[in-house]
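Remarks on the structure that follows.
The values are calculated or read from the model by the stated rules, or taken from the named source; none is laboratory data. If you're wondering where the values come from, they're calculated on a predicted model, not measured in any experiment. When we count neighbours, we look across all protein chains shown, and the Cβ atoms used for this are built from the backbone with ideal geometry, even at glycine. Heavy atoms of the whole protein, side chains included, go into the accessibility calculation; ligands, DNA and RNA do not. Shrake-Rupley method; radii C 1.70, N 1.55, O 1.52, S 1.80 Å.
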Amino acid sequence: MSVVSGVSAAYVGAGTARAQSNENGDAAAIELVDPKVFRVCDDPHNLPFSNEAGEGFENKIATLLAGKLQKPVAYTFYPNTTGFVRNTLNAFRCDVVMGIPQGDDIVQGTNPYYRTAYTLVSKKGSGLDKVETLEDPLLKGKHIGIIAGTPPSTNLATNGLIANAKPYPLVVDTRYDAPTLDMIEDLKKGTIDIAVLWGPIAGYLAKKSETPLVVVPLIKETSGPKMVYRIGMGVRHSDQNWKRDLNKLIAENQGEINKILTDYGVPLLDENNQPLTR
């Protein structure tokens, strides 16, 4: 893909939008590619988060917020790989990334709209479905699925669990590969005994599984990197008014956002790491 031509066209479009918004005296709209459209950057093949058919929870939340603003939703789809932000948000092809961990400075983050964690996923009745931490002696000698390079990998190593771990790739082109689906299939087949997986994916796949699966957030680790994250939306660093608009939308519609997330099985946590219900 040629980035140069796309960026040039995007800047022309952004300039037009700025001119229109200045004429209308709308300060917030100055920052937007098109002030009349809720323009989203997202992955076209990345359920439960998003897809081109609008079936992910990020799609549903975008539709909710756009409706509150009385705007249509338009997407710029790009695989969630290296260059995603550069080729979408920062190329002025869209105005918001729907899911960004708090503290990720590649974009400017809004206030978080959910808090969740990495999880353990096991088959119900397996004997491992009560395990709550990677420090549990029951995991010794077990085959553990892990997305390589994610924070729980450090704790697997610390607890001597790497030797029997099965790694799955972290960075893939979601048009062709689905390592998280592969991991859950391996769990159901018995190729691995337990899986360590990002909560929103774990909850969604467990909810869809015909084999009963138990999802336990990793909130009791006593060492290693953090397992719990706040997730917000991402905008350009220059877009202060737009960020404030999104913060207001999040605050005013948190209940409806939570309902969408829980419908998708996302294990929501409050600030005390207690499960959050609707």
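When the accessible area of the stretch 114-255 is computed with all protein chains present and a 1.4 Å probe, what percentage of it is carbon and sulfur? Before the final figure, lay out the partial values.
On the way: 3410 of 6530 Å².
Carbon plus sulfur share of accessible area: 52 percent.
Taking amide H atoms as placed 1.01 Å from N in the peptide plane, list the residues 5 or more away in sequence, or in a different chain, whose amide H sits under 5 Å from that of residue 75.
40
Among the trypsin sites (Lys or Arg not before Pro) within the stretch 144-200, which fall in a DSSP loop and have no more than 15 other Cβ atoms within 10 Å of their own Cβ?
Numbers: sites: 175, 188, 189; in loops: 175.
Passing both the DSSP loop test and the Cβ count: 175.
For residue 144, what residues show an amide H to amide H distance below 5 Å, using hydrogens built from the backbone and excluding near sequence neighbours?
HN-HN under 5 Å from residue 144: 165, 166, 193.
Quick one: work out the % antiparallel among DSSP beta bridges in the stretch 101-244, nearest 5.
Working: 16 of 23 bridges.
Counting DSSP beta bridges with both partners in the stretch 101-244, the antiparallel share is about 70 percent.
Report, by chain and number, residues whose modeled amide H sits under 5 Å from the one on residue 218, excluding near sequence neighbours (fewer than 5 apart, same chain).
118, 119, 120
³J(HN,Hα) across the stretch 115-123 via Karplus (A = 6.51, B = -1.76, C = 1.60, θ = phi - 60°), whole Hz, x for Gly/Pro?
For the stretch 115-123, the Karplus curve yields 10, 8, 8, 5, 9, 9, 10, 9, 6 Hz.
Run through the stretch 176-278 and list the GluC sites (Glu not before Pro) located in a DSSP loop whose Cβ has at most 10 other Cβ atoms within 10 Å. The partial results should precede the final answer.
Working: sites: 185, 210, 221, 252, 256, 271; in loops: 210, 221, 271.
Qualifying residues, ordered by number: 210, 271.
Defining a contact as two alpha carbons under 8 Å apart and six or more residues distant in sequence, what relative contact order in percent does the chain show?
Working: 516 pairs, mean separation 65.7, N = 278.
Once divided by the residue count of the chain, the mean separation gives 24 percent.
With a ≥ b ≥ c the root eigenvalues of the C-alpha gyration tensor of the stretch 123-197, is it rounded (a/c under 1.5), prolate (a/b larger than b/c) or oblate? Walk me through the intermediate numbers first.
On the way: a/c = 2.28, a/b = 1.35, b/c = 1.68.
It is oblate, given that a/c is not under 1.5 and a/b is not larger than b/c.
Heavy atoms of the protein only, probe of 1.4 Å, neighbouring chains included. What is the accessible area of residue 138 in Å², nearest 10?
90
Would you calculate a helix-derived [θ] at 222 nm for the chain, using -39,500 (n - 2.57) for each DSSP H run of n ≥ 4 and dividing by the full residue count, to the nearest 500?
Details: 8 runs with 89 residues, N = 278.
When only DSSP H runs of four or more count, the value is -9500 deg cm²/dmol.
Under a 1.4 angstrom probe, counting protein chains only, how are 52, 132 ranked by accessible area, largest first? Mind showing how you got there, number by number?
Numbers: 52 120, 132 80 Å².
Solvent-accessible surface, decreasing: 52, 132.
Return the loop-located trypsin sites (Lys or Arg not before Pro) in the stretch 22-130 (DSSP other than H, G, I, E, B) with at most 12 other Cβ atoms within 10 Å of their own Cβ; answer none if there are none.
On the way: sites: 36, 39, 60, 68, 86, 93, 115, 123, 124, 130; in loops: 36, 93, 124, 130.
Listed in order of number, the matching sites are 124, 130.
Just read off the accessible area of residue 177 with the full protein assembly in place, 1.4 Å probe, to the nearest 10 Å².
80
Given a 1.4 angstrom probe, what's the average accessible area per residue across the chain, in square angstrom?
Numbers: 13020 Å² over 278 residues.
Counting only protein heavy atoms, the per-residue value for the chain is 47 Å².
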